[in-house]
């Protein structure tokens, strides 16, 4: 169980997150929604300890995450995998090596420096890529992949950590609807098959409704909604996002990730062709 108690983060005089209290049981898929600057990313970064809380405590079971230092902190960041909007891959390394980097916190410093991975680790990495449908890219330079492919590589790398929790910070914000669907399907599959807790920041309300069993809404650093998709009413959406300039409700279709199957197929074909051309140029 993940428990945040009165968690606050201040940057100077500005409080990005204000006294947040959340309890998330094992195995939930949780979507965090809100406007830009609402504190969503800061909240995830505090859970992963990329950012330290200014006040409050974070516990995972009996482990006080907010007080970890050194080796124990690195172990937590192995168990709590982070997926970023900008993928954070090494463009000049091939896909397989990028995925294998997820094993670094499981290995000795000497082996990590020498970049020596075992046969079992390589088999594990290829299996992760196969699961995400991109095993054919394993020897391709990561920088030549499309955005959707790169995000799937990032998910495969996270799986290599064998985490207890996955945090995804706007994982589909820079993707087209087809690739957004592929990435969200992958995260839901991991949540359902492995029972791993998944917490993801999202901008699109329909995505949160369709994929997450629980939705947390933030506004100005505070949690203003916490409930199931069925409870995310018009009033709750107004509390999270406010109203349009004319006082009307937010039009949810403006941020929809819904796709038309025929258009999606055409787009996938075009992207695959572009990816192959890029790879051909890279080999010249």
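The values are calculated or read from the model by the stated rules, or taken from the named source; none is laboratory data. Since the structure is predicted, the reported quantities are computational estimates derived from the model, not experimental observations. Here Cβ is always computed from backbone atoms with ideal geometry, including for glycine, and neighbour counts include all displayed protein chains.
Details
- Filter pass, residue 49 being under 23 Å from residue 14 (Cβ atoms), in contact (Cβ under 8 Å) with a residue 60 or more places away in the chain and touching a helix residue (DSSP H, G or I) at 6+ places or on another chain (Cβ under 9 Å): no
- Residue-level check: of (1) assigned to a strand (DSSP E or B); (2) in contact (Cβ under 8 Å) with a residue 24 or more places away in the chain; (3) within 18 Å of residue 198 (Cα to Cα), residue 42 misses just (1).
- Residue under evaluation residue 92, criteria (1) over 26 Å from residue 203 (Cβ atoms); (2) in contact with a helix residue (DSSP H, G or I) (Cβ under 7 Å, 6 or more places away or on another chain); (3) outside any loop (DSSP other than H, G, I, E, B); (4) touching a residue at least 24 places away in the same chain (Cβ under 8 Å), criterion not met: (3)
- Criterion (surrounded by 15 or more Cβ atoms within 10 Å (Cβ to Cβ), out of contact with any helix residue (DSSP H, G or I) (no Cβ under 8 Å at 6 or more places or on another chain), in contact (Cβ under 8 Å) with a residue 12 or more places away in the chain and over 28 Å from residue 173 (Cα atoms)) met by exactly one of 55, 79: 55
- Verdict on residue 216 being under 19 Å from residue 80 (Cβ atoms) and not in a helix (DSSP H, G or I): yes
- Residue 208 vs. criteria buried (at least 21 other Cβ atoms within 10 Å of the Cβ) and free of Cβ contacts under 8 Å to residues at least 60 places away in the same chain: no
- Residues of region 116-166 that turn out to be free of Cβ contacts under 8 Å to residues at least 40 places away in the same chain, farther than 30 Å from residue 25 by Cβ and assigned to a helix (DSSP H, G or I), as a count: 11
- Given (1) modelled with pLDDT under 90; (2) outside any helix (DSSP H, G or I); (3) over 30 Å from residue 32 (Cα atoms), number of the condition residue 87 does not satisfy: (3)
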